[in-house]
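A short worksheet on the structure shown next.
The values are calculated or read from the model by the stated rules, or taken from the named source; none is laboratory data. Everything numeric here is computed off the predicted structure, so don't read it as measured data. Cβ sites come from the backbone with ideal geometry, for glycine too, and all protein chains shown count toward neighbours. Only protein heavy atoms, including side chains, enter the accessible area calculation; ligands, DNA and RNA are left aside. Shrake-Rupley method; radii C 1.70, N 1.55, O 1.52, S 1.80 Å.
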Amino acid sequence: MLKQILIKLPRKLQKSDLLDSSGSDSGNHTSNSGNGVQCTNVGNSISSRLSVVKRVSSAVFPASIMVGVEAVEPYLSFTDVSSLQKQSLFISKLNLCCEVSDFSDPDKTSAEQDLKHQTLIELVDFVSTGSAKFNEPAIAAMCKMCAVNLFRVFPPKYRSNSISGEVEDEEPMFDPSWSNLQLVYDLLLGFITYSSLDAKVAKKYVDHSFISRLLDLFDSEDPRERDCLKTILHRIYGKLMVHRPFVRKAVSNIIYRFVFETERHNGIAELLEIFGSIISGFAVPLKEEHKMFLWKSLIPLHKPKLVGVYHQQLTFCVVQFIDKDPKLADSVIKGLLKYWPVTNSQKELMFISELEEVLEMTSMAEFLKIMVPLFRRIAFCLNSSHYQVAERTHLLWNNEHILNLVTHNRQVIFPLIFPALERNSENHWNQAVLNLTQSIKKMLCEMDEELVLACRQKMEEENSQSSEATEKRKLIWERLETAANVIPSAACPVAC
C-alpha cells in the first residue's frame, strides 16, 4: 500500500509541472494570437525605439491575464457579432491597435494606418455607448494599448531651443500623428471615467509607473495633447484615490527639476491648472504636506524667467491656499519679496498684480508681520523709471482693503512711502505718474495732515543732514588734495 502511494507521488508532481509549463505556453500562444497576428505584417517598419517601448509594455502588462479569453477576428464589426462575443471582439480590437504607425512622412499612407484609425473610431464609439465591460483582461488590454501608443520619448528637435524667455511668442508645434493620438486619449478618458469601472482592479494597471510616464508626456510641444493629458490626469486623481499622494509627489519633482535645473518644461501651466482645482478640495485645517507643497514648489515657481507662461495659474493656486488658511499670506508675501525681479519690468508687473490679490485676502495680524519690508519694496516701485511699473504701483491705493490696511498702520507706512512720492514729484519724467503721485499725496493729507507734515519735516532734515555730510566729504577731499600738492617732490621716497 505504501509502495503504491510512493510510486504515485512523483507522477503527480510531474503532471503538475507539465500542466504549469503547458499553461504558460498556452498563455503566450494566446497573447501572440491576440496581439501579434495582425501586427507582424508591418513589424519591419517599426524602429528599434518603439520595439523597446513594446517590450517594456509587455513586461508591465503580462500576457498571462489573457488566458481563457476567446479570440475573435478583430476585423469584424461590433454589429456582426453576438452580444456574448462583443467583449472578446473589444479586446481583439484593442490588441490590433498595439501597433505604432509611422507618421514622419505626411505623404505616406498605408492600409495598416487606415485600418488602425478606423478600429480606434469603432472602439471609441463602443466605449461611449456603455456597451463595454471592463473586466481584468479588458483593463489590461486597454492599458497596454495606451502605453504602446502614447508613451514615447520626445526627440530633441521638438524641444524649444530658446533661452531668452520669449516662449510665449513661439509657434506651437503639432504632432503629425495627432489624428490617432486623439482617439487613443479619448479611449483612455472614456476608460477612466467609465461608471462601472472597478477602481481596485484598475489601480493594478494604472499604477505608479503608468502615471509617471503619463506625467512625462506633459512636456509635449503639442498644446492639444497637453490639454487632453490635463483632463485625464485630473480624472485619475479623482477616481483612483490611492494614487493621490504619488501624483502630488511626482508633480512636485517635475517642478523641482524645472525650477532648479532645466527651467524648460512645456506643461507647467497645465499641471498648475489641475492643482488649482485639487487645492480647492483640500480639507481644513491643511496638512503639513500641503503647506510644504506651497513653500517648496509653488513659491519657488516665481523664480524662472518663463513665469509669464504660467503666472495666471500659479496665482490662482497661491490664492486658493490663502483662502484655505489666511495665516499663509505672510509666507507668500515673503516669498514674493525674495524672488522680486530687479531688471525685468514685465515680470515686476505680474508680481504687483499678484501682490494685490494676496493683500486683498491678508488679515491685519498677518499684515503687521510684513508691512515694513513690503512697503520698502513698494516705495522702490513707486520711483521706477518704467512708467508702467510706477503707474501700476500707484493704483494699489485704489483697492479699498489695501487702503484700509494702510490707514490703520499709517504711523509706520507714511514715513516709508512719502520720500518716494516727493522724489516722483520732483524728478519723474512721465506725466501720468506725476498725476497719480499728486493724487496719492492729496489722499494722504486727507487721512492725516499732521503726519504728512511731520514726514515732510523729517525728510527735509534728512536732506539737510545729507547735504552737510556731502559738504564735509568735499572739504576733506579738498584738504587732502591741497596737502598732496604742498609736499616737495624731493621728499617723495618713491621714484615716479
Check off (1) under 29 Å from residue 458 (Cα atoms); (2) within 22 Å of the chain's Cα centre (by Cα) for residue 389 and give me the number that stays unchecked.
-> (2)
Given the structure, is residue 292 closer than 22 Å to residue 245 by Cβ and out of contact with any Phe, Trp or Tyr (no Cβ under 7 Å at 6 or more places or on another chain)?
-> yes
Evaluate region 259-271: report whether one residue or more is closer than 24 Å to residue 96 by Cα and either modelled with pLDDT of 95 or more or not in a helix (DSSP H, G or I) (or both).
-> no
In region 302-340, anything open to solvent by 10 Å² or more (accessible area, probe 1.4 Å) and not in a helix (DSSP H, G or I) is listed as 303, 305, 306, 325, 339, 340
Which residues, taken from region 396-446, are open to solvent by 60 Å² or more (accessible area, probe 1.4 Å), over 23 Å from residue 458 (Cβ atoms) and in a helix (DSSP H, G or I)?
-> 398, 400, 401, 404, 431, 435
With respect to residue 239, determine if the residue is open to solvent by 10 Å² or more (accessible area, probe 1.4 Å), closer than 30 Å to residue 195 by Cα and either among the polar types (S, T, N, Q) or within 14 Å of the chain's Cα centre (by Cα) (or both).
-> no
Residues in region 210-234 that are assigned to a helix (DSSP H, G or I), closer than 25 Å to residue 116 by Cβ and open to solvent by 20 Å² or more (accessible area, probe 1.4 Å) total 8
How about region 199-209: which of its residues are under 27 Å from residue 282 (Cβ atoms) and either out of contact with any Cys (no Cβ under 7 Å at 6 or more places or on another chain) or open to solvent by 50 Å² or more (accessible area, probe 1.4 Å) (or both)?
-> 199, 200, 202, 203, 207, 208, 209
What tally of residues in region 360-369 results from selecting those that are crowded, with 19+ Cβ neighbours inside 10 Å, of a type outside the set (Phe, Trp, Tyr) and assigned to a helix (DSSP H, G or I)?
-> 1
Pick from region 151-181, criterion open to solvent by 80 Å² or more (accessible area, probe 1.4 Å) and not in a loop (DSSP other than H, G, I, E, B), ranking: modelled with the lowest pLDDT | 168
Name the one entry in 249, 230 that is over 19 Å from residue 193 (Cβ atoms) and of a type in the set (Lys, Arg).
-> 249
Just one of 211, 232 is aliphatic (A, V, I, L, M), under 22 Å from residue 91 (Cβ atoms) and at pLDDT 95 or above; which is it?
-> 232
The condition of being more than 25 Å from residue 217 (Cα to Cα), of a type in the set (Phe, Trp, Tyr) and touching a Ser or Thr at 6+ places or on another chain (Cβ under 7 Å) holds, among 340, 295, only for 295
Count - residues of region 333-357 that are touching a helix residue (DSSP H, G or I) at 6+ places or on another chain (Cβ under 9 Å), more than 12 Å from residue 311 (Cα to Cα) and of a type in the set (Ser, Thr, Tyr) | 2
By residue number, the members of region 252-263 that are buried (at least 17 other Cβ atoms within 10 Å of the Cβ) and either under 19 Å from residue 203 (Cα atoms) or of a type in the set (Phe, Trp, Tyr) (or both) are 258
